[in-house]
Amino acid sequence: MTQITTKYFSKYFFILIVFGLFLNFSNVVQAQSQSCNSLKEIFENSDYCDNNSVSIHGRVYELLDNKLVYELLDNKLTLQGSKYVYGFQITDDGTQIIRVVSPDDMVLVKDSEVVIDGRYYKKLYANGLNLDDTIVASGKNIKVILTADELFNEILGPWGATMEKEKTLARRNIIFAILIPLVSAGAFWFGLVFYQRRQIRGATFEGYVENLFNKHEWRIAESNAYRKLGRWVESYSNPDFVFINRKTNKRIAVECKYKSVSPKEDDRFFWAYEDQIENYQNFSAKTGTPVFVVIGIGGRPKNPKKIFLAPLSLVKYPDVKMDYLQKFERDPRKSFSLDSSGALI
């Protein structure tokens, strides 16, 4: 009886040992099958990973800060006041996303690659904030991995920036070296065209005024008109024409001025510079020849809209008001002649 009992006891004891070893092996296998080294494993083994250390390699999906309004909190509460003052979201495959918070401020940018050694919390409450499914890590355990481009820029950044600045300055200098002569040539060309057009208008108006002095009544004693001289001479500072009346032998001098745009009545009309007026006055005093100013306004130089004939003594300033000039207006088609008193009309 004793032998039978011992035999059965030994058999059952062996079975118990084998069963215990099997359970222990199953737990080891289950433990080995459960890990927390990816977001997929964390979410699949959330109970196992809860309050456990995790190591995640991923990419910054979205940056959060202490003013972020969480959707979980109905857009009403923020992390301000919580010890977790900084946060961001991380993803490892573009589909799984988890929140990471830290009591430390960090410098991160979106899409930075990071390695996080922290602790996962399936349920987490911080100062009344619901932060379920969150990894908490200190700043020193959040490491940023530089990409090849970032590493290159980090190493060669200052030198590269200097080179880029030098290239930019060189390009700018080349552009300026090309543009400055072009702009100068263009400005000279436009100035020359403007000057030539002005000279052409002036010469045309001079011809118009000359034709108003009938050849049978007047002869030209002196002509300083640009259209005839074509170049600068000493007498060019004198009035454009000196006419002599054939009947009375009276000498008069005429200065011609033309303006294509008609000023308003209350505007002032600029007709000559002070030194020009002084030259005309000196000519008149030296030669005893009265000087008249013939002003054409509007229309075309060979057919002005209005003509004004004024003695120099009455327009002795560089500009005159149009309402003052009106009293000197005359018929643009009427030839010049002398009245009974010998005055030019």
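The values are calculated or read from the model by the stated rules, or taken from the named source; none is laboratory data. All of these numbers come straight from a predicted model, not from anything done at the bench. Positions of Cβ are generated from backbone atoms using ideal geometry, with glycine treated the same way; all protein chains shown enter the neighbour counts.
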Could you tell me whether the range 271-289 includes any residue that is touching a Leu at 6+ places or on another chain (Cβ under 8 Å), outside any loop (DSSP other than H, G, I, E, B) and at pLDDT below 90? no
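Residue-wise test of (1) modelled with pLDDT of 55 or more; (2) farther than 19 Å from Ala137 by Cβ; (3) in contact with a helix residue (DSSP H, G or I) (Cβ under 8 Å, 6 or more places away or on another chain).
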| position | (1), (2), (3) |
| --- | --- |
| Phe25 | no, yes, no |
| Leu39 | yes, no, no |
| Ile56 | yes, no, yes |
| Thr91 | yes, no, yes |
| Ile98 | yes, no, yes |
| Asp105 | yes, no, yes |
Of the criteria (1) out of contact with any strand residue (DSSP E or B) (no Cβ under 6 Å at 6 or more places or on another chain); (2) touching a residue at least 40 places away in the same chain (Cβ under 8 Å); (3) β-branched (Val, Ile, Thr), which one Ile345 fails: (2)
Restricting the range 211-232 to residues that are outside any strand (DSSP E or B) and among the basic types (Lys, Arg), the one modelled with the highest pLDDT turns out to be Lys215
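State whether one or more residues within the range 237-248 are on the phi > 0 side of the Ramachandran plot and out of contact with any strand residue (DSSP E or B) (no Cβ under 6 Å at 6 or more places or on another chain).
The answer is no; no qualifying residue exists.
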So which of Asp240, Asp331, Asp319, Asp267 ends up being surrounded by fewer than 19 Cβ atoms within 10 Å (Cβ to Cβ), without any contact (Cβ under 8 Å) to a residue 60 or more places away in the chain and over 47 Å from the mean Cα position of the chain (by Cα)? Asp331
Can you confirm whether the range 288-311 contains a residue that is surrounded by fewer than 19 Cβ atoms within 10 Å (Cβ to Cβ), more than 23 Å from Glu210 (Cβ to Cβ) and in contact (Cβ under 8 Å) with a residue 12 or more places away in the chain? no
Do you know which residues across the range 117-145 are touching a helix residue (DSSP H, G or I) at 6+ places or on another chain (Cβ under 7 Å), at pLDDT 80 or above and part of a strand (DSSP E or B)? Asp117, Gly118, Tyr120
